[in-house]
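Here is the structure we will look at.
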Amino acid sequence: MAKFKFQLESVEKVRLQKEQKMLEALSESQRDYLSRIQTKRELLTKKQIAFEKKNELLSSDASINEIRLSEDHISGLNSQIVKADQAIVRARRFLDQAMRNYIGARKERMMIDRLKEKALEEFKIEQSRLEQKNLNDLITMRARLNHGPIDAEEEIA
């Protein structure tokens, strides 16, 4: 029996590699996005701690310079939080783009898979036809060997 050979096997291989590459890019984008969110959480925690220290300074008789330094630190953290928000938005855009690229690559690969399945079904049907034809030829040849050639007169009757 003949072996199935898919004509678009090289295309299938390329599409599979492309899908894998897009999946890796998506994974990297997700890691970056999550790290940006973690960075913002850490900044918010630092800001909360800085507020608590500032309140302690206000309740204790601390110098103006210490309080001002604490406020400057808090305002610096606020600007870092704004930058972290912008970085999160950018990372989210990259993540969305990576997701679209991956979905597109996956669709392309699935299209090739459907073509391969269809070609395999057609191959199986053709093999079945050939097998049936060979079987019919074999039966006809056995009948001729056992009974001799069929005369034209016998065919009419």
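Tabulated results
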item	result
Residue list for the stretch 50-68, filter: surrounded by fewer than 12 Cβ atoms within 10 Å (Cβ to Cβ) and closer than 23 Å to Ala84 by Cα	Glu52
Candidates Ala91, Ala119, Ala84, Ala98 - the one that is at pLDDT 95 or above, of a type in the set (A, V, I, L, M) and under 24 Å from Lys13 (Cβ atoms)	Ala98
Scope the stretch 52-71; condition among the acidic types (Asp, Glu) and at pLDDT 85 or above; matching residues	Glu52, Glu56, Glu66, Glu71
The one condition in (1) farther than 30 Å from Gln127 by Cα; (2) free of Cβ contacts under 8 Å to residues at least 24 places away in the same chain; (3) of a type in the set (A, V, I, L, M, F, W, C); (4) surrounded by 12 or more Cβ atoms within 10 Å (Cβ to Cβ) that Val14 fails to fulfil	(1)
Criterion violated by Ala62 - all others in (1) among the aliphatic types (A, V, I, L, M); (2) more than 37 Å from the chain's Cα centre (by Cα); (3) under 30 Å from Glu126 (Cβ atoms) satisfied	(3)
Conditions (1) surrounded by fewer than 12 Cβ atoms within 10 Å (Cβ to Cβ); (2) closer than 27 Å to Leu16 by Cα; (3) of a type in the set (Lys, Arg); number of the one not met by Lys133	(2)
Residue within the stretch 46-63 that is of a type outside the set (Phe, Trp, Tyr), part of a helix (DSSP H, G or I) and closer than 21 Å to Ala91 by Cβ present	yes
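The values are calculated or read from the model by the stated rules, or taken from the named source; none is laboratory data. Treat the numbers as computed from the prediction; the structure is a model and nothing was measured. We place every Cβ from the backbone using ideal geometry, glycine too, and count neighbours over all the protein chains shown.
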